[in-house]
Amino acid sequence: MRSPIEDYLQEVLAGTEDGGEVASYIPELAQADPERLAAALCTADGTVYAAGDTAARFSIQSMSKPFAYALALEEHGIDRVLQKVGVEPSGDSFNSASLDPSDQRPDNPMINIGAIATHALILPEGSRDERDERVRLGLSAFAGRELAVEEAVYASEIETAFRNLSLAYLVRSADGFGQDPHEIVEGYTRQCALSVDVRDLAVMAMTLAAGGVNPVTTKRVVSAEVAQQVLSVMTMCGMYDAAGDWMTHVGIPAKSGVSGGVIGGLPGQVGLSVFSPRLDRVGHSVRGVQVFERFSREMGMHLLTSPPLSVDAVRSITRTETDRGQQRSFALQGPLRFSSAEQVLRQFERVTPGDFPVALDLSRVTSFDPVARRMVLEGLRRLREDGHPILLADPKGVLPEPDLGDGSLPERLDA
Ligand code: GLU
């Protein structure tokens, strides 16, 4: 069977209308073929669907910023990075020369001034080459293949990087970093000139959306905490001065780049990317934005759409006669998190004290998150305190270490 998902991507691309202009402030980007159009989608298990000019390579530009930010966070921890670069939407354009008046930090790592300060945080004691290599290999780990710098794009951008140089001097003057501003802008510009295609970008976005594990290589690239921090900042600041409009309208944590790409990552679900070089007035790919709008609308991908309410976590409660009275057996189902574990506790509350056994059947439970695990174990501990022997059937081992508080374990029904 031919994948309907690839056909859908094709259809979405065909339905877009082009407009705007190719970026020209970086002379090499003005050479891009404006008709190029491609999209890719990477799933949580690392399957990549792609359509259009999927072989087209282009420089990553600002779409490198979330990943460089992730590398800085991984190296120094969130608090230290926060001392240097904030997480507030600036409402300004991507190259605005602004530092927070109260603490002299760039507002966020997604605008150029913040991205330059962030780049300087990567291997701060290293040489420019060492830092470049760390960035290149770090972004390669997100992509799952070795990325290389498009030298022509680098050469072209660095020749005209006066604005970014002025931003670097501004950060340097506010003690944002200690290195030579020229070196930092060179390194930042090389970071932006890394060459990618839509598949790379979809995998990179999914790595963030998968809590920091590359779904294709299955290697951990950054911690789950770092991935969450990066997606949060993308949510608020990824689309520059159109971030509010984007979040309400599309609702996918995203980042655009001046080469014409847009990436988005929906936690636990998909990594998305689109490439089409003509940009709107804010600097976003015109067709890229349209594709994301359709994804959001037609595939139910707005982050804040309420998910279906949890199914009944307690599938059945049965009573069987035992010599100690009527045993209560609770069969649970589905993924257990706070809201479903609360349903379980509510049923436990109805069990009167006594010495009849309480059995828990987890054979239809798919997962416990840490909160649900704690809640259910606490419920079992209290039932035992009320006198009940606790029996557990967990054939798939979804409830790790079912310790009832004092090191004692429930009696296994599946052992
Ligand atoms: N390298 C570009 C710059 O610093 C990135 C801007 C963008 O992609 O939005 O101007």
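Read the figures in this text as sums done on the coordinates, not as results from a lab. These numbers come from a predicted model, not from an experiment. Cβ: placed from backbone, ideal geometry, glycine included. Neighbour counts: every protein chain shown.
For this structure, a couple of remarks:
- Extension gain from Arg374 to Arg145, taking 0.36 nm per residue of separation minus the Cα-Cα distance: 78.5 nm
- Using only the C-alpha atoms, the convex hull of the chain corresponds to 168 Å³ per residue.
- For the range 131-225, taking the reciprocal of the average inverse distance between every pair of different Cα atoms yields a Kirkwood hydrodynamic radius of 14.6 Å.
- Acute angle (nearest 10 degrees) that the helix 370-385 long axis makes with the longest principal axis of the chain, alpha-carbon atoms: 20 degrees
- Projected-area mean, the range 295-411, by convex hull of Cα positions, square nanometres: 8.2 nm²
- Averaging 1/r across all pairs of distinct Cα atoms in the range 191-252 and inverting the result yields a Kirkwood radius of 12.7 Å.
- Calculated log₁₀ intensity ratio I(q)/I(0) where the Debye formula runs over C-alpha points of the range 286-326, q = 0.16, 0.33 Å⁻¹: -0.63, -1.06
- Max mean-square fluctuation residue, GNM over the chain, Cα-Cα springs under 10 Å, options Gln228, Gln333, Gln191: Gln333
- Spin-label model distance (nm) - Asp103 vs Arg163, 7 Å beyond Cα toward Cβ: 2.7 nm
- Whole-Hz Karplus values for the range 188-197 come out as 4, 5, 5, 4, 5, 8, 4, 8, 9, 10 Hz, taken residue by residue from phi with 6.51 cos²θ - 1.76 cosθ + 1.60 and θ = phi - 60°; glycine and proline positions read x.
- Folded to 0 to 90 degrees: helix 286-298 orientation relative to the chain principal axis, Cα: 10 degrees
- Amide H contacts under 5 Å for Arg315, placed H, 5+ residues apart: Ala331, Leu332, Gln333
- Take every pair of alpha-carbon atoms less than 8 Å apart whose residues are at least six positions apart; their mean separation over the length of the chain yields a relative contact order of 16 percent.
- For Thr366 and Ser93, a Förster radius of 41 Å and the Cβ-Cβ distance give a FRET efficiency of 0.35, rounded to the nearest 0.05.
- Full-stretch length increase - Asp175, Ser408 - with 0.36 nm per residue and alpha-carbon distance subtracted: 78.3 nm
- Peptides 256-268, 171-183 ordered by average Cβ neighbours within 10 Å, highest first: 256-268, 171-183
- From largest to smallest, the equivalent ellipsoid semi-axes obtained for the range 160-203 from the alpha-carbon gyration tensor read 27, 11, 8 Å.
- Enclosed volume per residue, in Å³, of the convex hull spanned by Cα atoms of the range 249-352: 104 Å³
- If the convex hull is drawn through the Cα atoms of the range 81-161, its volume per residue in Å³: 124 Å³
- Here is how the number arises for the chain: DSSP H runs of 4 or more residues each give -39500 (n - 2.57), the sum is divided by the residue count, and the result at 222 nm is -12000 deg cm²/dmol.
- Computed from backbone phi with θ = phi - 60° and the Karplus coefficients 6.51, -1.76 and 1.60, the 3J(HN,Hα) list for the range 269-278 is 10, 9, x, 10, 8, 9, 9, 6, x, 6 Hz; x is used for glycine and proline.
- Computed Rg/Rh of the range 154-293, alpha carbon atoms with Kirkwood Rh: 0.99
- D_trans [Stokes-Einstein, Kirkwood Rh over alpha-carbon pairs] for the range 343-415, 20 °C, 1.002 mPa s, µm² s⁻¹: 173 µm²/s
- Residues Val311 and Glu17, FRET efficiency given R0 of 56 Å [Cβ-Cβ distance, rounded to 0.05]: 0.85
- Difference of contour (0.36 nm per residue) and Cα-Cα distance, Asp129 to Arg319: 61.4 nm
- Residues in the range 196-218 that a label on Ala152 would reach, taking backbone N under 20 Å of a point 7 Å out along Cα→Cβ: 196-198
- J(HN,Hα) series, the range 138-150, from Karplus relation 6.51 cos²θ - 1.76 cosθ + 1.60, nearest Hz, glycine and proline x: x, 5, 5, 5, 5, 7, x, 7, 6, 8, 10, 7, 7
- Size of the range 127-174 from its Cα atoms: along the principal axes, largest to smallest, the extents are 36, 26, 18 Å.
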